[in-house]
Amino acid sequence: MSQPAEIVVEQLTKAYGKFLAVDNISFAVPKGMVVGFLGPNGAGKTTTIRMLTCFMPPTSGTARVGGFDVFHDSLKVRKNLGYLPENAPLYLEMRVAEYLHFRGRLRGMDRGSIKKRIDEVTELCWLSDRKRWPISKLSKGYRQRLGIADALLHNPPVLVLDEPTVGLDPSQIRETRKLIANLAGLHTVLLSTHILSEVELVCRKVIIIGRGKILAQGSPEELKQQCAQRGSGARLVLELRGPADQIRTALAALPGIEQARIISDNAVCAVELSGKLDGAMREQIAAMVQQRGWALREMRSAGASLEEFFVQITDPGAAAAA
Amino acid sequence: MSTTLALARREITGLFYSPIGYIVLAIYLLFVGLLFSLLVLQPGAIADPGPMFQWNHLILIFVVPFMTMSLFSEEYRSGRIETLRTSPITDFQLLMGKFLGAMGFYCVVIASSLIFILILSLFGRPDYMTVLTSYLGLVLMGLLMVSIGLFFSACTQHQILAAMSSCVTLVALGILFQAISYFLGSALGVSWAWLRTLRHVLRYLAIEPHMVNFSRGILDSQNIVFFLTGAGLFLFLTYVVLESRKWR
């Protein structure tokens, strides 16, 4: 990694009694990058985040945020950190600007800069027209945005967002993702989520956690490659009209194809191929199909999506059964 | 300091935004009014508001728990404690902010009884220095009551449980201890040494004997020390509870 890391986690562990919620994990988040922290529910995402944000101390191991230890320099860490907890809990009886003002005071900002920053963050989070509204009157989407505005208020170098798009409608989700993507470069962002498409859209690096352990990390492309290398990755699906068993044997006979499987055989026959499926191979398949006189309707690549990878590594049992 | 004040201010405004604040204020005024009209404002009596202050704690022990119940409980329940504790504030600032906020509201509540002093001054000339020491006594007693409420609020995420626990504690301090000590002294009539000691301890822990002096215009260091050490003890316990919650 060329850039210095803003968040460094080393052998971090959190035990609740005998249960290890987070089991000896290590990772780093490079400066100015949006990193996805991905895992199924109950994987230890929130626990990890709570240790990073100094809400609870680790059982063992260390974590540094912006160069400060979360245990020994907790106040300095919290100064440099903007945090959006899950569900963005707020004081419902306060008004938007009033709440942000209160949060600014808690962070030791002076009145002048609070006022300026309130204008900036409400603009950034599409809240300008709601500044005078009581928070209790805001919809879930607006509350979530207010939570993000609060996290951004003191312009912290590091942002930790715990499931920022939960409970939003599709257009709000898209807007929020756009907002987060825009934060890259200016802020280092750790984005916790269990939604895969979010990570693929927004993050340049993904850390996948499951049952308290880190299962994989890398860019989305790298993870897809890893997935392909695991064998069950890349597949090609063909839809063509012709006799099913002839099609299957002909395709299976091609050099490089490991397996040809008929998925459906109604009027049109669908075949799934796995094996070496690079560009040349696909041309060869097309030529062969045309030569035999089978009408080709569709040829598409399937699998090797991040989703498949995610399911595979977080639940090996389910992947084997599929 | 400014973060502590910001927290305190939010706490006071929070109480004024909610119906609880006004209900507390109304109930307090109603019962102080009863004390005033039954014990103070009598034809031919001297203009002495003393009884109104001496028995004020009987109202406050049922009123203060409702002011303090949400201080921490509601933060736990709503999850806002996470935004608070991940802000760059120390647990001590958090504690003091909550405490000062509740004390601020408490002062507003007891100040509302000034209306009765005003009414009294229309009919006679009460001793204003005594009124002053009485209010000082109420504020000192408030330190103890609010810190007890704060402690129980920090112990649980259920407001009602917090209110009930602090109410029970305050009833013990405000009524039970004194009643038991009175019963031991007069009804039994025996003079075992340990019983006498118990009686004295209970009497020392009761609130009313400490309020009498203030309502008579006497500032006794023993009374002041009682309220201050009591408040200090419960604030310390609250701090310990806050610290320990982190490790769960």
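Among residues of region B:76-87 that are within 13 Å of A:L81 (Cα to Cα), none has a beta-carbon under 8 Å from a residue that is small (G, A, S) at least six positions away or on a different chain. Does region B:149-166 include one or more residues that are within 14 Å of another protein chain (Cβ to nearest Cβ) and touching a Lys or Arg at 6+ places or on another chain (Cβ under 9 Å)? Yes, that holds for at least one residue.
Taking the residues in region A:65-75 that are open to solvent by 40 Å² or more (accessible area, probe 1.4 Å) and in contact with a Pro (Cβ under 8 Å, 6 or more places away or on another chain) as candidates, determine which candidate is nearest to the other protein chains (Cβ to nearest Cβ).
Pass one, region A:65-75, residues open to solvent by 40 Å² or more (accessible area, probe 1.4 Å): A:67-68, A:71-73, A:75.
In the following step, the residues that additionally are in contact with a Pro (Cβ under 8 Å, 6 or more places away or on another chain) were identified as A:71, A:75.
Working: A:F71: 11, A:L75: 5 Å.
Only one residue fits best here, namely A:L75.
Applying the criterion of being within 14 Å of chain B (Cβ to nearest Cβ) and part of a strand (DSSP E or B) to the residues of region A:11-40, the residue that is surrounded by the most Cβ atoms within 10 Å (Cβ to Cβ) is A:K14. When B:W194 is tested against (1) in contact (Cβ under 8 Å) with a residue 60 or more places away in the chain; (2) open to solvent by 60 Å² or more (accessible area, probe 1.4 Å), only condition (1) is not met.
Within region A:235-256, if we keep just the residues that are within 30 Å of A:Q225 (Cβ to Cβ) and open to solvent by 20 Å² or more (accessible area, probe 1.4 Å), the residue that is farthest from the chain's Cα centre (by Cα) turns out to be A:A253. Taken together, B:L39, B:L100 contain a single residue that is part of a helix (DSSP H, G or I), more than 14 Å from B:G142 (Cβ to Cβ) and open to solvent by 40 Å² or more (accessible area, probe 1.4 Å), which is B:L39.
Check whether at least one residue in region A:100-107 is part of a loop (DSSP other than H, G, I, E, B), under 23 Å from A:L186 (Cα atoms), of a type in the set (D, E, K, R) and within 14 Å of chain B (Cβ to nearest Cβ), and report yes or no. Yes, there is a match, as at least one residue in region A:100-107 is part of a loop (DSSP other than H, G, I, E, B), under 23 Å from A:L186 (Cα atoms), of a type in the set (D, E, K, R) and within 14 Å of chain B (Cβ to nearest Cβ).
For region B:212-220, the condition of being away from chain A (no Cβ under 14 Å), out of contact with any strand residue (DSSP E or B) (no Cβ under 8 Å at 6 or more places or on another chain) and closer than 27 Å to B:L95 by Cα holds for none of the residues. Taking region A:123-233 and the helices (runs of 4 or more DSSP H) fully enclosed by it, the elements with 1 or more residues that are away from chain B (no Cβ under 14 Å), touching a Ser or Thr at 6+ places or on another chain (Cβ under 6 Å) and modelled with pLDDT under 90 are at A:170-183. Pairs meeting the criteria (first residue in region B:1-26 and more than 10 Å from chain A (Cβ to nearest Cβ), second residue assigned to a helix (DSSP H, G or I) and charged (D, E, K, R), beta carbons under 9 Å, at least 6 apart or on different chains) are B:A8/B:K98; B:E11/B:K98.
Would you pick out the residues in region A:108-121 that are surrounded by 18 or more Cβ atoms within 10 Å (Cβ to Cβ) and closer than 30 Å to A:H194 by Cα? Give the steps one after another, and end with the answer.
So in region A:108-121, the residues surrounded by 18 or more Cβ atoms within 10 Å (Cβ to Cβ) come out as A:109, A:114, A:117-118, A:121.
A:V121, the sole residue that qualifies.
Going by the conditions given, is B:Q157 within 30 Å of B:G79 (Cα to Cα), surrounded by fewer than 18 Cβ atoms within 10 Å (Cβ to Cβ) and at pLDDT below 95? Walk me through how you get there before you give the answer.
On the way: within 30 Å of B:G79 (Cα to Cα): yes; surrounded by fewer than 18 Cβ atoms within 10 Å (Cβ to Cβ): yes; at pLDDT below 95: yes.
Answer is yes for this residue.
When the test is whether a residue is open to solvent by 30 Å² or more (accessible area, probe 1.4 Å) and in contact (Cβ under 8 Å) with a residue 60 or more places away in the chain, B:V108 passes it. Of everything listed in (1) over 20 Å from B:M211 (Cα atoms); (2) away from chain A (no Cβ under 14 Å); (3) of a type in the set (V, I, T), the single unmet condition for B:T83 is (2). With respect to the conditions (1) in a helix (DSSP H, G or I); (2) charged (D, E, K, R); (3) open to solvent by 10 Å² or more (accessible area, probe 1.4 Å), A:E93 falls short on a single one, namely (1).
Out of the residues in region A:41-60 meeting the condition of being open to solvent by 40 Å² or more (accessible area, probe 1.4 Å) and either closer than 18 Å to A:V189 by Cα or in a loop (DSSP other than H, G, I, E, B) (or both), tell me which one is nearest to the other protein chains (Cβ to nearest Cβ). Full working, then the answer.
As a first pass, look at region A:41-60 and keep what is open to solvent by 40 Å² or more (accessible area, probe 1.4 Å): A:41-42, A:50, A:59-60.
With the extra rule that they be either closer than 18 Å to A:V189 by Cα or in a loop (DSSP other than H, G, I, E, B) (or both), the set shrinks to A:41-42, A:50, A:59.
Values: A:N41: 17, A:G42: 17, A:R50: 8, A:T59: 10 Å.
Within region A:41-60, the match that is nearest to the other protein chains (Cβ to nearest Cβ) is A:R50.
Checking each residue in region B:53-80 for being surrounded by 22 or more Cβ atoms within 10 Å (Cβ to Cβ) and within 10 Å of chain A (Cβ to nearest Cβ) picks out only B:E75. The number of residues in region B:27-36 that are open to solvent by 80 Å² or more (accessible area, probe 1.4 Å) and in contact (Cβ under 8 Å) with a residue 24 or more places away in the chain comes to 1. Put simply, of B:I148, B:I218, B:I224 the only residue that is farther than 30 Å from A:M51 by Cα, in a helix (DSSP H, G or I) and open to solvent by 40 Å² or more (accessible area, probe 1.4 Å) is B:I224.
The values are calculated or read from the model by the stated rules, or taken from the named source; none is laboratory data. If you're wondering where the values come from, they're calculated on a predicted model, not measured in any experiment. Note that each Cβ is placed from the backbone with ideal geometry, even for glycine, and that neighbours are counted across all protein chains shown. These area figures cover heavy atoms from the full protein model, side chains too; ligands, DNA and RNA do not enter into them. Shrake-Rupley method; radii C 1.70, N 1.55, O 1.52, S 1.80 Å.
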